[in-house]
Structure formats: C-alpha cells, structure tokens
1. With a cut-off of 8 Å between alpha carbons and a minimum separation of six or more residues, what is the relative contact order of region 114-178 in percent?
2. Checking the a/c ratio against 1.5 first, then a/b against b/c, what shape does the Cα gyration tensor give for region 114-178?
3. Amide H of Gly136: which non-local residues (sequence gap of 5 or more, or other chain) have their own amide H closer than 5 Å, using H built in the peptide plane?
4. Cross-link candidates for Lys178: which lysines have Cα within less than 25 Å, leaving aside residues fewer than 8 places away along the same chain?
5. Over the alpha-carbon set of region 66-180, work out the extent along each principal axis and list the three values in angstrom, largest first.
6. Using a simple spin-label model with points 7 Å from Cα along the Cα→Cβ vector, what separation in nm is obtained for Asn111 and Ile77?
7. From the phi of every residue in region 139-155, what ³J(HN,Hα) in whole Hz does the Karplus formula 6.51 cos²θ - 1.76 cosθ + 1.60 yield, where θ is phi - 60° and glycine or proline is x?
8. Can you sort Ser88, Ser3, Ser11 so the residue with the fewest Cβ neighbours within 10 Å comes first?
Amino acid sequence: MESLLKIFTDSYLFCAVFGGTLFILMSIMSFIGFGHDADCDCDVHDGGIGEVSVLSIKGLIAFVTFYGLGGLCFKNIGWGGWFLALLSGIIMMFVTAGIFALVVKLQHSGNISPESLVGCPGSVYLSLPGEGKTGGQVTVTLPGSTRTVKAVSDEPLATGTPVEIGEYLGSGLYRVSKRV
C-alpha cells in the first residue's frame, strides 16, 4: 500500500504542471477565438450542469490540475492527502462546468421577434404625424426591458400618449393606436 501511495505522491507535481500548462494554453486559445469544447461520449445521465457537461475537456483538465495542486498541498497527510487531492479535482470539475454553464447562459440571444411586440403597451417617444405617415417612434414596454421602434398611426399622437402596438408592417415599422 505504501508503494501505491508513493506513486500517487510522485504524480502530483506532474499533474499540476501538465494540467496547468493545458489550462493556460486553452485559456489563451479561448481569448483569441480558438476555444472549443468537446464532451466525452459516455452514457452518463444527469452528469451536466445546464447545457454543459462535467466530463468536458475543460472539466477534465481542471480535475487533473487541481488534483495535482491539492496533492502537493496535502501530500504529507498520507491517504487523507490523496483523498483531499481527489476531492479538490472533483470539486473543480463541477465548478468549471458551472462557470461554463453561466457563460453559455450569457450567450443566449436577447432578440425579440418583431411580431411578438403586437399587443404590447407603450408610449409615444417622438410624436406621430397621423394619416399613416412615418417619422414617429414609440417606446414599447416588455417584461424586463423596453424597446423603441418606428411607428405610424391613423391619428396624430403627441409625445407621452399611451399606445398599444396593433400591427407589424415590416421593416421595423409598427401601426399603433391610442390606448383608452
């Protein structure tokens, strides 16, 4: 058993240097636009956080790096040190997956389809001349945000008038009507 423990303690430095080097290289590549992640093709279910797998290349590199660093920190404890090194690696695998799940969540588009604004309330931002003439704008209230869009109206509407989006006319132009 002691010879097995010696093999583990001798591997800590290698894992820390090898994993750390790969981690730094992958970080640099990510910053310059070459960062891609691949998932392990395993039959592991519920092994991910959000849309990101714990068994990704980045997760495995985090495991190796922090297994080595944890082992270097705790190598004088014997088997307890090996257990703490293993635990450090596993924790960092999940932390890495969590961080990348947050990054993936940030990358989701906040775009709203033009048709989804129909029926939304708003107010006139730049007065509408009426008779279907262009030149006015309306601020539309959405859950969590507002959008300013080009609008036309059948009647002249002054700035601040409450309106409702009635129809999408295309090219970012909406027909609005006065809200009662």
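Only the coordinates and a few stated rules stand behind these numbers; no lab work does. Note that the structure is predicted; figures quoted are calculated from it, not measured. Backbone-built Cβ (ideal geometry, glycine too); neighbour counts: all protein chains shown.
1. Values: 177 pairs, mean separation 22.7, N = 65.
Normalised by residue count, the contact order of region 114-178 is 35 percent.
2. Working: a/c = 1.77, a/b = 1.29, b/c = 1.37.
Oblate.
3. Ala151
4. List returned: Lys133, Lys150.
5. 84, 24, 20
6. For Asn111 paired with Ile77, the spin-label model returns 5.1 nm.
7. These are the phi-based 3J(HN,Hα) values: 9, 9, 8, 10, x, x, 6, 10, 10, 9, 10, 6, 9, 10, 8, 6, 10 Hz.
8. On the way: Ser88 21, Ser3 6, Ser11 16.
So the ranking, lowest neighbour count to highest, is Ser3, Ser11, Ser88.
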